[in-house]
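The values are calculated or read from the model by the stated rules, or taken from the named source; none is laboratory data. The model shown is predicted, which means the values in this text are computed figures rather than measured ones. As a convention, Cβ positions derive from the backbone with ideal geometry for all residues, glycine included, and neighbour counts pool all protein chains shown.
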Amino acid sequence: MSAFAASPIEPTHTRWDLPAPDGADRRGFVAIGADLEPGTLLAAYRSGLFPMPMGRRDIGWWSPDPRGILPIDGLHVSKSLRQSCRRYVVGYNTNFREVMTRCGDPNRPNGWINRPFIDAYERLHRSGWAHSVETYDQNGRLVGGLYGVKINGMFAGESMFSEARDASKVALVNLVSALRAAGTSLIDVQWSTPHLVSLGVIDISRDEYLHRLAVAIKT
């Protein structure tokens, strides 16, 4: 059984005229405003933008240059990580909201996921666009996971959390395997970090990302 919905529900088209991603400043910031309706979020991802909250109520739209991606065949899986994969049970879309909530724990460094974002992505999840991968320990306790948005051959990874050794990495290993089986060609991680680089993430230019994105969302 596939981890992803075969035919996600297309929402009402956004009422906003979103800006082009190549208008970003040096930080990757493009604009502020609009909303988090499903049609707006999908239009943004399809154009190369993604949202993050700015303050309590405002929404910022971003398109960094360079852009971090994980090559579909580029995930680094160490021997110890392979051993960790045998210690957990992995599920798909079994606890989406809880995964987002754990990712948005305000006690985590640089936490940014707030209630409006959780509500918005849960709507995307219910219509088949947003997905979660859950890692459970042997007692059935949720100890790690990640979530993101899949549009045809593109998966935009948003955030992950881990409360046990390698729990989020195990979720990632399983996600990449499922994406490969589904014919995905582009895994977007937005910004690279030393941790993500150690897993195989690379940087590409915005122009190269937009080219790959255009190909991926048509497949």
**OP:** Go through the stretch 161-201 and give me each residue that's closer than 24 Å to PHE4 by Cβ and surrounded by fewer than 17 Cβ atoms within 10 Å (Cβ to Cβ).
**Re:** SER177, ARG180, ALA181, ALA182, GLY183
Original post:
Within the bounds of the stretch 34-56, is there any residue that is modelled with pLDDT under 95 and either closer than 24 Å to LEU186 by Cα or surrounded by fewer than 12 Cβ atoms within 10 Å (Cβ to Cβ) (or both)?
Top reply: yes
**OP:** Kindly list the number of the only condition in (1) surrounded by fewer than 16 Cβ atoms within 10 Å (Cβ to Cβ); (2) within 26 Å of ALA44 (Cα to Cα); (3) of a type in the set (S, T, N, Q) that fails for ASN93.
**Re:** (1)
**OP:** Kindly check whether there is at least one residue in the stretch 125-147 that is part of a helix (DSSP H, G or I), crowded, with 17+ Cβ neighbours inside 10 Å and among the small types (Gly, Ala, Ser).
**Re:** no
Original post:
Which members of the stretch 192-219 meet the condition of being over 17 Å from the mean Cα position of the chain (by Cα) and not aliphatic (A, V, I, L, M)?
Top reply: PRO194, SER198, SER205, ARG206, ASP207, GLU208, HIS211, LYS218, THR219
Subject >> Search result, residues across the stretch 57-88 that are loosely packed, with under 14 Cβ neighbours inside 10 Å and either outside any loop (DSSP other than H, G, I, E, B) or touching a residue at least 12 places away in the same chain (Cβ under 8 Å) (or both) >> reply: ASP58, ASP73, GLY74, HIS76, LYS79, SER80, ARG82, GLN83
Subject >> Filtered residues of the stretch 202-216 (kept if of a type in the set (D, E, K, R) and surrounded by 14 or more Cβ atoms within 10 Å (Cβ to Cβ)) >> reply: ASP203, ARG206, GLU208, ARG212
Original post:
Which pairs do you get when a residue that is closer than 19 Å to ALA216 by Cα and in contact (Cβ under 8 Å) with a residue 12 or more places away in the chain, found in the stretch 34-49, comes within reach of a residue that is in a helix (DSSP H, G or I) and among the hydroxyl-bearing types (Ser, Thr, Tyr), reach meaning Cβ atoms under 8 angstrom, with the pair 6+ apart or on two chains?
Top reply: LEU41/TYR121; GLY48/TYR209
Subject >> Given (1) among the β-branched types (Val, Ile, Thr); (2) more than 16 Å from ARG86 (Cα to Cα); (3) touching a residue at least 40 places away in the same chain (Cβ under 8 Å), index of the condition VAL197 fails >> reply: (3)
Subject >> Selection count where residues are over 21 Å from the mean Cα position of the chain (by Cα), under 20 Å from LEU213 (Cα atoms) and at pLDDT 95 or above, scope the stretch 20-33 >> reply: 0
